[in-house]
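Quick note: the coordinates plus some simple rules give every number you see, no bench work behind them. Treat the numbers as computed from the prediction; the structure is a model and nothing was measured. Positions of Cβ are generated from backbone atoms using ideal geometry, with glycine treated the same way; all protein chains shown enter the neighbour counts.
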Amino acid sequence: MRLRHAPAGGRELEGSFERFEALYRSSRDDVYAYVITLLGDRASAEDVTALAFERAYARRHSFDRRRGDERAWLFGIARNAALDELRRRRRSATLLVEPANLPEAPQRSADDDELELRRAAVRAALTALAPRERELIALKFHAGLTNGELASVLGVSESNAGTMLHRAVQKLRRAVNAPV
Amino acid sequence: MPPFEESPLADEHSDVALLVAAVREWPREEFARELDARVARAFAPPSRPRRRATGLSLPRLPRWAAGAFVALASAVVAAVIVLGGPGGGLRATGGGGGAARVQATSGPAVLLHASPAHGGSRPGAGSSPAGALPAGASAGGASINAPAAGAASSATSATGAQLGAALPAGPVAPGAKQIRSAQISLRTADARVDQVAQETFEVVSAEHGTVISSQITQATPAAGGGYASISLSVPTANLEATMAQLSRLRYATVSSRSDSSQNVSDAYSADRRRLADAEALRLTLLRQLQQASTQTAIDSIQAQLKLAEAQLTRSQTALARLDRQISTSEVNVSINEFPPVYFPVVANRASTGFTLARAGHDALRVLVVSAGIGLVALAVMVPLGLVLALVAWLWAWLRQRRRERALDAGA
């Protein structure tokens, strides 16, 4: 279960390492999942995840509870770090997914064949989505953000975020259920 | 791989949540351990772990408080610089601002009177004690101009203990002929110009001198006070005694004194030679006249004799004038009245005493100056801050826009 409890007050993270540590423990895997969805390779995702938490620690004094949830604040930082990495990639013109960083191939067994096919179909459906739609899916289902938090991270209105999410979900459903 | 049922999402998207959870990537255990360790060290290098923030640590100042502190400190420093500068208001005493209360740190220390500025129309009176000195004299001390080829010398004193004594006029050869003169400036107070002038006349009479001219003017202190200018002629033999007595008058003090001398030995010798030549020529012509036999020769010698006698008369007159200049000396006396002022030490003591009114005045002045500095600083900083804020906002907007374009370009 995720730790979504946040005490009342304006600047909870300020001067409280324990609170930041709690945020880290509750969000580490979610941030990683979100970042790797954006970047596509494990090494960059690890670097960006670490960088995001380091930035969040450095900026913990600037966190204001009145401006949003701490998880939304953290994912905003992670998003900017991931987009910076994408910009850097564009400038250096490296491969989006390097062969050495490809996700490890799961160990195939007879019992997992049907499950693996299902996963492959979902991966293909996600790849077919636009980057912004993939990001919405990751923020919603990896990070577990509400529509309001989504809007805060993406810089759009809450209704707009809900609409965009609905379209992305519908598109993903159609892509997954489409005949191969 | 965690089970799909861990997803906490609502039922509306539960099917999609299950799908996405199935393909969710999880961090490697090595990476997770490494990141955990970094977070535990608060992202400090491994060799030097950063001290964790605890509840006992001192609270950090908010940024606005730190900025306000810096601005306040800058204003205080600027106020100290302004107030401590030359002519700073903190040195004024009690806010009076009057010139009489300002410590006089220049001018002759021996004087007991202040030096109010005058219009300069007064004869013999200047805006400073050295104002009446001849050109070339230096105020505040004695200076002796070395006579060029022994022709002239002067000695001037505006301060010092030797005001009342005779000043040396340079080395004089035995038997040398000198024209000497002196000038003395006296100061008096309480409308005693008349008394000082009378004392001067008594001194001149006692030293067998004469008053060549005098001008005595009475005036109220508001108008600058009275003044007198007296020109004297005294026997040169009595010059030093006269000057000594004038320096010791009861109701006056000496503000400056000047003695000068001019060596006229050469001119005196030349006049004597011309006179002797003229006498010799006259005697020669008289002898020739006695021996003349023709009327023409007599007429010619008589004409030359007239010219020689005229030359003799001129030489005698010149020599007599020079003799008179040598035997008598001209003394110019100027008397000025000034209102009494306080000794510097008295003014100093009055200015350093502590009173509530003075402290309040100084405090108010500090506040006014500080407010002025703050106002000027605000006038500069507010527009500058607005421009900087606009630039920062534009920079952040452009950076975010580039990020979004990078995401779109990743499609």
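Modelled spin-label separation between A:ALA22 and A:ARG123, with each label point placed 7 Å from Cα along the Cα-to-Cβ direction: 3.8 nm.
Here A:LYS140 is the anchor, and the lysines within straight C-alpha reach of less than 25 Å, apart from those fewer than 8 places off in the same chain, are A:LYS171.
Can you give the extra length, in nm with one decimal, that the chain gains between B:GLN195 and B:ALA37 once fully stretched, where that is 0.36 nm per residue apart less the Cα-Cα distance?
46.6 nm
Using a 10 Å cut-off on Cβ to Cβ distances, tally the other chain neighbours for every residue of A:20-33 and report the average as a whole number.
Working: counts 3, 5, 0, 0, 5, 2, 0, 0, 6, 6, 1, 1, 8, 7.
Shielding by partners across A:20-33 averages 3.
A Förster radius of 22 Å, combined with the Cβ-Cβ distance separating B:LYS306 from B:GLU279, puts the computed FRET efficiency at roughly 0.90. For region A:24-41, 3J(HN,Hα) computed residue by residue from phi via the Karplus equation (6.51, -1.76, 1.60; θ = phi - 60°) reads 4, 5, 7, 10, 4, 5, 5, 5, 4, 4, 5, 5, 6, 5, 6, 8, x, 10 Hz, glycine and proline entered as x.
Take each peptide in B:242-255, B:266-279, count the other Cβ atoms within 10 Å of every residue, and average; sorted highest first, the result is B:242-255, B:266-279. Counting Cβ atoms of other protein chains within 10 Å of each residue's Cβ and taking the mean over peptide B:400-407 gives 6.
Residues B:ILE298, B:ILE184, B:ILE326 in ascending order of nearby Cβ atoms (within 10 Å, fewest first): B:ILE298, B:ILE326, B:ILE184. Taken over region B:191-280, the ratio of Cα radius of gyration to 2.2 N^0.38 Å equals 1.53. Ordered by the count of other Cβ atoms within 10 Å of each Cβ, fewest first, B:LEU378, A:LEU39 give B:LEU378, A:LEU39. Taking θ as phi - 60° and the Karplus parameters 6.51, -1.76 and 1.60, the scalar couplings of region B:262-277 work out to 10, 7, 10, 4, 5, 4, 5, 5, 5, 5, 5, 5, 4, 5, 5, 5 Hz in sequence order, x denoting glycine and proline.
Around the amide H of B:ALA44, modelled in the peptide plane, lie the amide H atoms of B:ARG50, all under 5 Å away and 5 or more residues distant in sequence or on another chain. How many nm is it between the label spots at B:LEU386 and B:ARG324, if each spot is 7 Å from the Cα in line with the beta carbon? Placing both labels 7 Å along Cα→Cβ, they lie 8.7 nm apart.
Residue ranges B:307-317, B:383-393 sort as B:307-317, B:383-393 when ordered by packing (mean number of other C-beta atoms within 10 Å per residue, highest first). Taking amide hydrogens as placed 1.01 Å from N in the peptide plane, the amide H of B:THR328 sits under 5 Å from those of B:THR236, each at least 5 positions away in sequence or on another chain. When the P(r) of region B:272-320 is calculated, the portion above 14 Å amounts to 49% of the C-alpha pairs. Annotation: the residues A:TRP73, B:TRP26, sorted from fewest to most other C-beta atoms within 10 Å of their own C-beta, follow the order B:TRP26, A:TRP73. Once the chain from B:ALA292 to B:GLU30 is taken as fully extended at 0.36 nm per residue, the excess over their C-alpha distance is 79.0 nm. Packing, taken as the mean count of other beta carbons within 10 Å per residue, orders the peptides B:208-216, A:130-138 from highest to lowest as A:130-138, B:208-216. Karplus-derived 3J(HN,Hα) values for region B:224-240, using 6.51 cos²θ - 1.76 cosθ + 1.60 with θ = phi - 60°, are x, x, x, 7, 8, 9, 10, 10, 10, 10, 10, x, 4, 5, 9, 4, 5 Hz; glycine and proline are entered as x.
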